[in-house]
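Each remark here refers to the structure printed beneath this line.
The values are calculated or read from the model by the stated rules, or taken from the named source; none is laboratory data. Since the model is a prediction, treat every value here as computed from it, not as a measurement. Neighbour counts run over all protein chains shown; Cβ positions are idealised from the backbone, glycine included.
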């Protein structure tokens, strides 16, 4: 697959709403960085030569004029561009893309830079990993829904989970997860699935680092009880403005909120169904 890279500049007052609109369009292949003038550089990665219409419309709505600044395969694009510094996900748990760290009692994930979400630099991944660090993981059957790089399910496997399924709708994420499992000498099922469609279960640890609207859809799906009858659920990627709606949906689904974390404008939740 070849990608085209688009770039533009977003005013500070529009960046948050642009992110919300891109989330609504189910588009996560973008990056932002701050400028000295208070505005933000935005780069978006399109499969093929054009962005989805909803994404292009969102950029236009928020005054982001896009130009093509490059392209190539995923491997060509990430080489020397994406962050490759070690990142601590949770106490004693690190992502080390280039293999520069010594274990020294730490859990080190060797995840090379890729276009898949989950390199450890986003708060939602770190918060989810922090909640996982507080759970017993041995002998659990895990689903990592919207797995990205597979980092969260991989942590569970490396800490004794009995089995793990990894699903995503992004082929790059599925490829990254397969590589990660092979590189760490563990096995798991990796397959394309759209939310709960195609899952087999039952699971007793449910991980979903997704946007709030997708989390709400999952919690309202009658199939959830059969796939996850009891156990722990770790949810992340939830904007703080949607936290109460997700907590209410957890209550309707028969779950008890155990813990929550917040960083920047994101939150993560740990719920239990018994």
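A compact table of results
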quantity	calculated
Single residue of 172, 180 found to be assigned to a helix (DSSP H, G or I) and in contact with a strand residue (DSSP E or B) (Cβ under 8 Å, 6 or more places away or on another chain)	180
Residues of segment 158-179 classified as within 12 Å of residue 189 (Cα to Cα) and buried (at least 24 other Cβ atoms within 10 Å of the Cβ), total	5
Hits in segment 15-35 (condition: out of contact with any strand residue (DSSP E or B) (no Cβ under 9 Å at 6 or more places or on another chain) and either crowded, with 19+ Cβ neighbours inside 10 Å or at pLDDT 95 or above (or both))	28
Of all residues making up segment 205-237, the number that are over 13 Å from residue 143 (Cβ atoms) and at pLDDT below 95	5
Residues of segment 183-192 satisfying the condition of being buried (at least 20 other Cβ atoms within 10 Å of the Cβ) and part of a loop (DSSP other than H, G, I, E, B)	188
Residue within segment 103-116 that is assigned to a strand (DSSP E or B) and closer than 23 Å to residue 208 by Cβ present	yes
Subset tally (residues that are outside any strand (DSSP E or B) and closer than 25 Å to residue 174 by Cβ) for segment 1-35	10
Residue within segment 39-60 that is under 26 Å from residue 262 (Cβ atoms) and without any contact (Cβ under 8 Å) to a residue 24 or more places away in the chain present	no
Which numbered condition residue 38 fails, given (1) in contact with a helix residue (DSSP H, G or I) (Cβ under 8 Å, 6 or more places away or on another chain); (2) surrounded by 13 or more Cβ atoms within 10 Å (Cβ to Cβ); (3) outside any strand (DSSP E or B)	(2)
Qualifying positions in segment 225-245 - buried (at least 21 other Cβ atoms within 10 Å of the Cβ) and in contact with a helix residue (DSSP H, G or I) (Cβ under 6 Å, 6 or more places away or on another chain)	234, 235, 236, 237, 238
Answer from 205, 219 - the residue that is under 25 Å from residue 123 (Cα atoms) and free of Cβ contacts under 8 Å to residues at least 40 places away in the same chain	219
